[in-house]
Amino acid sequence: MSKREPILEGSEWTFDALEAFEEEIGRIAADRYRLDTYPNQIEIISAEQMMDAYSSVGMPIGYHHWSFGKQFLSTEQRYRKGHIGLAYELVINSNPCIAYLMEENSLTLQALVIAHACFGHNSFFKGNYLFREWTDASAIVNYILFARNYISECEERHGVEAVEALLDSCHALMNLGVDRFRRPRPISADQERQRQKEREDYLQQQVNDLWRTIPQKKQEPEEKWPRFPSEPQENLLYFFEKNAPLLEPWEREIVRIVRKIAVYFYPQRQTKIMNEGWATFWHYNLMNDLYDEGLISEGNVLEFLQSHTNVVYQPDFDSPYYSGLNPYTLGFAMFSDIRRVCEAPTDEDKRFFPDHAGGDWLDTVHHAMANYKDESFILQYLSPKVIRDLKLFSIMDDDADSAISVTAIHDDFGYRQVREELADQYNLSKQEPDIQVWEVSLRGDRSMTLKHIQRDRIPLDEDDAKEVLKHVHHLWRFDVHLESLRDDNVHRVYHCNAEKVWVDSGDSNKSAAAS
Amino acid sequence: MAFLIIDRRQQGKQKSAVNRQRFLKRFRKHIKEAVTDAVNKRSITDMERGEEISIPKKDIAEPIFRQGKGGKQRRVLPGNKEFIRGDRINRPKGGGGSGGKASNQGEGMDEFVFELNQQEFLDFMFEDLELPNLVRKQLKDSDSYKLVKGGYLRDGIPARLNVVQSLRGAKARRIALGGAIRRDIKALEQELEALADEEDSAERREITCKLDRARRRLNHIPFLDDFDLRYNNMIRQPTPTTSAVMFCLMDVSGSMTQDIKDLAKRFFVLLHLFLRRHYEKTEVVFIRHHTKADEVDEEEFFYSRETGGTVVSSALELMKTIVAERYPTDSWNIYAAQASDGENWQDDSPKCRDLLVKNLLPLVQYYAYVEISSGREQELWQTYSEIPELFPDRFAMRNVKEPADIFPVFRDLFERKPK
């Protein structure tokens, strides 16, 4: 291929250059690498606007809430003091795919960011199964607009304080607003608006089941009374939306809105490594291709390599800069390694990956991108070489033991165990406490019992749990109990009524500690 | 592939302004405390700037259910150097290593810190304060107006369009323009009726034709014409304004030590700042006295070092003279704040009291006396203490002992009272 002239040199970018980059990168991405993307909408913003975008946690427009103000103030403070730099870009899972680019990025960075966000993340949003099943990119912007308008209407009608208190409670339970084992229905703003009124009326009737007090002929003995809910419920927000007896229709609608937004973010929480890894892998390849074609100059490609190296830097666990595994590093290393295993497999690779060692690398990475989430991706594709390169090791901190023990390192005995434990580290259902609605006392005081099942004897954070329980009470509005089970025995019981929260240790049935 | 590049830089930056306000409102108690602390600590020359506020993280946390410490925690870390399988590591001191996830707000700091800008700072500082008993007096300064309706205009902005007037005009025009035609139509209709018996004659056809034409002409008169539009006229009417003057009376006699003077100045700085911020048109008269009172400018009031004996009544006399000369009470709200250590020339205190009760208090809206003394009540305080009973709304006195008292006392004196 004959070399072409660079699109632009130096560090100042122009709108023409951005357009040219979008076009060239798009050409290579589609023709050579079969990246399928939503149309791109690139928005150039200033640093201050980026901080705004940060604080609405990745939604293009958000409803008003103090916690977003807190986020903004903290970002602003840390940015001003130089503790953090702002991201070069922010990308939103929508159709068209909106990418915010900072105005102060240099020419090279803009090209990198276009490759990273507009083609990397964008194709991931469009291709990955979680996003396909859980989110509807073309509806989200409209839905959030609907949510924002609905919430500000509620604020006008019912007062800012009431809405704020409700949102606080919903936010506290946001992570428990997802049906993990069921696929959600796609959302559509128009339908939502249309059906919202009907739903309000209908729901209010349904709730009254809890209230049905007219005696039904002769009462059967107590054990015959049907258990409610008939099965434990893991989706707390959904349960409140449908069953909390005292919520007003508009309150149910707001619970629903928060739940829908939780669902929208659920795939992102499960694909941090893959999403960033995929985007980093492609910006690396695409930028190198641009350079090979002569579309970016020597100087700019050096600047690119430096930025790229910074992005995938992984401090060691004992470094003062260490703050967990860098998802860019791990993801990039894994996708690059898949390519290596396909193109130049060693004997070890053939043993570990009989399926794709020596196969077509492009098919393999596309397959991986489309059909896995972080946990299963690591379990399937983390190779001994990556474990060796990153020198991963796993430790166990058992409070019944006097010291922390090293359970596996990067050797033949350890590869599989490191891989499994790393996968667990990205398994949300193992990282977040397992809490379910167990029972509601229909006949008695309408109190609700939640169950927490401890994994590996890991308890709840007690202070936080007490605070959250107040929020649960705010939604349910009758007494709430939370039993924390350790190996089938009750370990702690939290109680919350209208006045106070307290904790019993579960060993004896008598109440002990109070707060 | 379709794509779009949009330059958003010119669009609003303040997307988070509402959320920021919500945050400040929610934590106003914390912020107010921090502001009070800051005011007490600051030097008098830099009262008005933003402030770094810190709030305990615990108070602003957004709790979620999360795993606590304890149990069996596993973790994979990068960068192994010397460990092999089976190695045992002693727990690092202070906490069991990998507990719950660190909060996302910062690296284990206990305080949430953010910057309150100058505007917000002053808002919090002077929140709920006001000049008591302020009334609207006299039509004075010409820049306070209100808009009132004053007839109609042919031109104006769409928002001021008066629909009723416009349609009324349109109707009149339609009647006037159509009158002649309608007359014609009537005549033609009568003619047609007269010819009703005749069969399809030429005459009849001609009349029908004329009738059609007339009706068409009538239809062509526009329903609404530019010409009909009327707009509300708004005229500016001057309204009475609040004009106020504040007298600052400060004792600079020899008994006022540097510390006491500093406290007094602190008080007046707050007062001055408050007036400048909330009552733009307020005038301030600075009077400083030892044995003799002088009217001085701001600069001299705060920074000059002149000193001498004490005759408090001289300041009150001077105030009385200035009021009589320059601030007639029918057009001015008069306020006064006096700061002193309470020591006075023998026999002068009763004179002060009489001056106040007889000559000054009937004229002023509010008179605040601040005594700065660490020990017993001083002479002036004792003499003044009879006055509040006579003028409960207009006279207030407070004692200040140390710098930390200044701001609370200030707030106390100018607190907005429920009406």
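Please work out if residue A:407 is within 30 Å of residue B:81 (Cβ to Cβ), not in a loop (DSSP other than H, G, I, E, B) and not hydrophobic (A, V, I, L, M, F, W, C). Step through it out loud before you land on a result.
Working: within 30 Å of residue B:81 (Cβ to Cβ): yes; not in a loop (DSSP other than H, G, I, E, B): yes; not hydrophobic (A, V, I, L, M, F, W, C): yes.
Yes: the conditions hold for residue A:407.
I'd like the full set of residues that are aliphatic (A, V, I, L, M), more than 16 Å from the chain's Cα centre (by Cα) and at pLDDT 90 or above, limited to segment A:110-139.
From segment A:110-139, those aliphatic (A, V, I, L, M) are A:111-115, A:117, A:130, A:137, A:139; that's our starting set.
Next cut, more than 16 Å from the chain's Cα centre (by Cα) only: A:111-115, A:117, A:139.
Result: A:111, A:112, A:113, A:114, A:115, A:117.
Does residue A:395 count as under 30 Å from residue A:346 (Cβ atoms) and part of a strand (DSSP E or B)?
Working: under 30 Å from residue A:346 (Cβ atoms): yes; part of a strand (DSSP E or B): yes.
Considered against the rule, which asks whether it is under 30 Å from residue A:346 (Cβ atoms) and part of a strand (DSSP E or B), residue A:395 comes out as yes.
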Next on the checklist: Contact list please: Cβ distance under 8 Å, first residue in segment A:429-443 and touching a residue at least 24 places away in the same chain (Cβ under 8 Å), second residue of a type in the set (S, T, N, Q) and part of a helix (DSSP H, G or I), pairs at least six apart or on different chains.
Outcome noted: A:432/A:175; A:440/A:243
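Take segment A:39-55 and flag every residue that is at the interface with another protein chain (Cβ under 7 Å from one of its Cβ atoms) and without any contact (Cβ under 8 Å) to a residue 40 or more places away in the chain. Working first, answer last.
Within segment A:39-55, the subset at the interface with another protein chain (Cβ under 7 Å from one of its Cβ atoms) is A:39-46, A:48-49, A:52, A:55.
Answer for segment A:39-55, where residues must be at the interface with another protein chain (Cβ under 7 Å from one of its Cβ atoms) and without any contact (Cβ under 8 Å) to a residue 40 or more places away in the chain: A:48, A:52, A:55.
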Checklist entry - Which condition breaks for residue B:143 when tested against (1) at pLDDT below 80; (2) surrounded by 15 or more Cβ atoms within 10 Å (Cβ to Cβ)? => result (2)
Item to check | Matching residues, segment A:345-396, being surrounded by 20 or more Cβ atoms within 10 Å (Cβ to Cβ), within 14 Å of chain B (Cβ to nearest Cβ) and among the hydrophobic types (A, V, I, L, M, F, W, C) | outcome: A:378, A:382, A:386, A:387, A:390, A:392, A:393, A:395
Checklist outcome for this item: For residue B:59, the lone unmet condition from (1) exposed (fewer than 14 other Cβ atoms within 10 Å of the Cβ); (2) more than 35 Å from the chain's Cα centre (by Cα); (3) modelled with pLDDT under 90 is (2)
Checklist entry - Applying the selection to segment A:19-51, what residues are within 30 Å of residue A:76 (Cβ to Cβ) and either touching a Gly at 6+ places or on another chain (Cβ under 9 Å) or in the same structural domain as residue A:361 (by TED's automatic domain parsing) (or both)? => result A:40, A:49
Next on the checklist: Within segment A:485-497, does at least one residue satisfy the condition of being more than 12 Å from chain B (Cβ to nearest Cβ), surrounded by fewer than 21 Cβ atoms within 10 Å (Cβ to Cβ) and of a type in the set (Asp, Glu)?
Outcome noted: yes
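Quick one: would you say residue B:250 is modelled with pLDDT of 85 or more and outside any helix (DSSP H, G or I)? Explain how you work it out, then say what you get.
Values: modelled with pLDDT of 85 or more: yes; outside any helix (DSSP H, G or I): yes.
When the stated conditions are applied, residue B:250 passes them.
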Item to check | Hits in segment A:455-473 (condition: farther than 22 Å from residue A:269 by Cα, in contact (Cβ under 8 Å) with a residue 24 or more places away in the chain and assigned to a loop (DSSP other than H, G, I, E, B)) | outcome: A:457, A:459
Checklist outcome for this item: Flagged in segment A:11-30 as without any contact (Cβ under 8 Å) to a residue 12 or more places away in the chain and assigned to a loop (DSSP other than H, G, I, E, B), in numbering order, are A:14
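Residue by residue, here is whether (1) modelled with pLDDT under 85; (2) facing chain B (nearest Cβ under 10 Å); (3) buried (at least 22 other Cβ atoms within 10 Å of the Cβ); (4) not in a helix (DSSP H, G or I) holds:
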| residue | (1), (2), (3), (4) |
| --- | --- |
| A:57 | yes, no, no, yes |
| A:64 | no, yes, no, yes |
| A:69 | no, yes, yes, no |
| A:72 | no, yes, yes, no |
| A:77 | yes, yes, no, no |
| A:82 | yes, no, no, yes |
| A:87 | yes, no, no, yes |
| A:91 | no, no, yes, yes |
Checklist entry - If you take the residues of segment A:410-439 that are in a loop (DSSP other than H, G, I, E, B) and within 30 Å of residue A:233 (Cβ to Cβ), which of them is nearest to the other protein chains (Cβ to nearest Cβ)? => result A:433
Item to check | segment B:34-75, residues that are more than 12 Å from every other protein chain (Cβ to nearest Cβ), within 15 Å of residue B:123 (Cβ to Cβ) and either of a type in the set (A, V, I, L, M, F, W, C) or part of a helix (DSSP H, G or I) (or both) | outcome: B:34, B:35, B:36, B:38, B:39, B:47
Checklist entry - Quick one: how many residues across segment A:1-33 are within 21 Å of residue A:95 (Cβ to Cβ) and either more than 11 Å from every other protein chain (Cβ to nearest Cβ) or at pLDDT below 90 (or both)? => result 1
Checklist entry - Which members of segment A:333-372 meet the condition of being among the polar types (S, T, N, Q) and assigned to a loop (DSSP other than H, G, I, E, B)? => result A:346
Checklist entry - Given the structure, is residue B:379 in contact with an Asp or Glu (Cβ under 8 Å, 6 or more places away or on another chain) and touching a residue at least 40 places away in the same chain (Cβ under 8 Å)? => result no
Next on the checklist: What's the number of the only condition in (1) at the interface with chain B (Cβ under 9 Å from one of its Cβ atoms); (2) in a loop (DSSP other than H, G, I, E, B); (3) more than 26 Å from residue A:146 (Cα to Cα) that residue A:36 fails to meet?
Outcome noted: (1)
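The values are calculated or read from the model by the stated rules, or taken from the named source; none is laboratory data. Being a predicted model, the structure only gives us computed values, none of them experimental. Here Cβ is always computed from backbone atoms with ideal geometry, including for glycine, and neighbour counts include all displayed protein chains.
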